[in-house]
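The values are calculated or read from the model by the stated rules, or taken from the named source; none is laboratory data. Just so it is clear, the structure is predicted and the values come from calculations on it, not from any experiment. FYI the Cβ positions are ideal-geometry reconstructions off the backbone, even for glycines, and counts take in every protein chain you see. Calculation scope for accessible area: heavy atoms of the full protein, side chains included, ligands and nucleic acids excluded. Shrake-Rupley method; radii C 1.70, N 1.55, O 1.52, S 1.80 Å.
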Amino acid sequence: MADKNHLKSPATTALFEAILSLNTMEECYTFFEDLCTMKEMADMAQRLEAAKMLLDGKTYEQIVKSVEISTATISRINRCIQYGNGGYELIINRVKEQKAAQEENQ
């Protein structure tokens with residue numbers, strides 16, 4: 001498992017506290033539009049989509065065609081999934097569970 005401590009700093013903690021304080025999708029859009037460039041937002045969204053596809057068993061070729069992301073980036077994401085801290089799986093599974101719960105309540 002990778003060392004999480006290399007990320008820890010007062011500035012990073014403040015950033016994560018700010019993100020955790022967001023309450024709505026609109027607040028997320030507002031904050032991240034100010035925080036990130038359009039390219040940074042697109043890159044993060046692509047990485048998350050590629051991670052979902054990898055976890056669903058899609059091939060690199062399928063992901064490249066669908067997400068328009070490089071194989072080098074897919075490889076990095078795959079290494080994170082295989083050997084990282086489990087962040088991609090955690091958030092992807094949590095979002096799936098939340099969507100399933102919402103659909104049940106409708």
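Cβ-Cβ distances below 9 Å connect the following pairs, each with a first residue in the stretch 45-67 that is within 24 Å of Tyr29 (Cα to Cα) and among the small types (Gly, Ala, Ser), a second residue that is open to solvent by less than 80 Å² (accessible area, probe 1.4 Å) and in a loop (DSSP other than H, G, I, E, B), and a separation of six or more residues or different chains: Ala50/Ile69.
Per-residue answers, yes or no, for (1) in contact with a Phe, Trp or Tyr (Cβ under 7 Å, 6 or more places away or on another chain); (2) among the acidic types (Asp, Glu); (3) under 25 Å from Gln82 (Cβ atoms); (4) at pLDDT 95 or above:
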residue: Leu7; (1), (2), (3), (4): no, no, yes, no
residue: Cys28; (1), (2), (3), (4): no, no, no, yes
residue: Ala42; (1), (2), (3), (4): no, no, yes, yes
residue: Ala45; (1), (2), (3), (4): no, no, yes, yes
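Note on the stretch 22-59: among residues that are under 15 Å from Ser75 (Cα atoms) and over 16 Å from the mean Cα position of the chain (by Cα), the one that is most open to solvent (accessible area, probe 1.4 Å) is Lys58.
Report yes if Asn93 is within 25 Å of Asn5 (Cβ to Cβ), touching a residue at least 60 places away in the same chain (Cβ under 8 Å) and surrounded by 11 or more Cβ atoms within 10 Å (Cβ to Cβ), otherwise no.
On the way: within 25 Å of Asn5 (Cβ to Cβ): yes; touching a residue at least 60 places away in the same chain (Cβ under 8 Å): no; surrounded by 11 or more Cβ atoms within 10 Å (Cβ to Cβ): yes.
Considered against the rule, which asks whether it is within 25 Å of Asn5 (Cβ to Cβ), touching a residue at least 60 places away in the same chain (Cβ under 8 Å) and surrounded by 11 or more Cβ atoms within 10 Å (Cβ to Cβ), Asn93 comes out as no.
The residue pairs whose first member lies in the stretch 76-90 and is loosely packed, with under 14 Cβ neighbours inside 10 Å, whose second member is of a type outside the set (D, E, K, R), and whose beta carbons are closer than 7 Å, counting only pairs six or more residues apart or on different chains, are Asn85/Met1; Asn85/Ala2. Pairing each residue of the stretch 11-28 that is over 17 Å from Ile91 (Cα atoms) with any residue that is of a type in the set (Lys, Arg), provided the two are 6+ apart or on different chains, yields no C-beta distance under 8 Å.
Screening Leu15 against (1) within 23 Å of Gly86 (Cα to Cα); (2) exposed (fewer than 10 other Cβ atoms within 10 Å of the Cβ) leaves a single unmet condition, (2).
Tell me whether the stretch 78-85 contains one or more residues that are modelled with pLDDT under 95 and within 16 Å of the chain's Cα centre (by Cα). The answer is yes; a qualifying residue exists.
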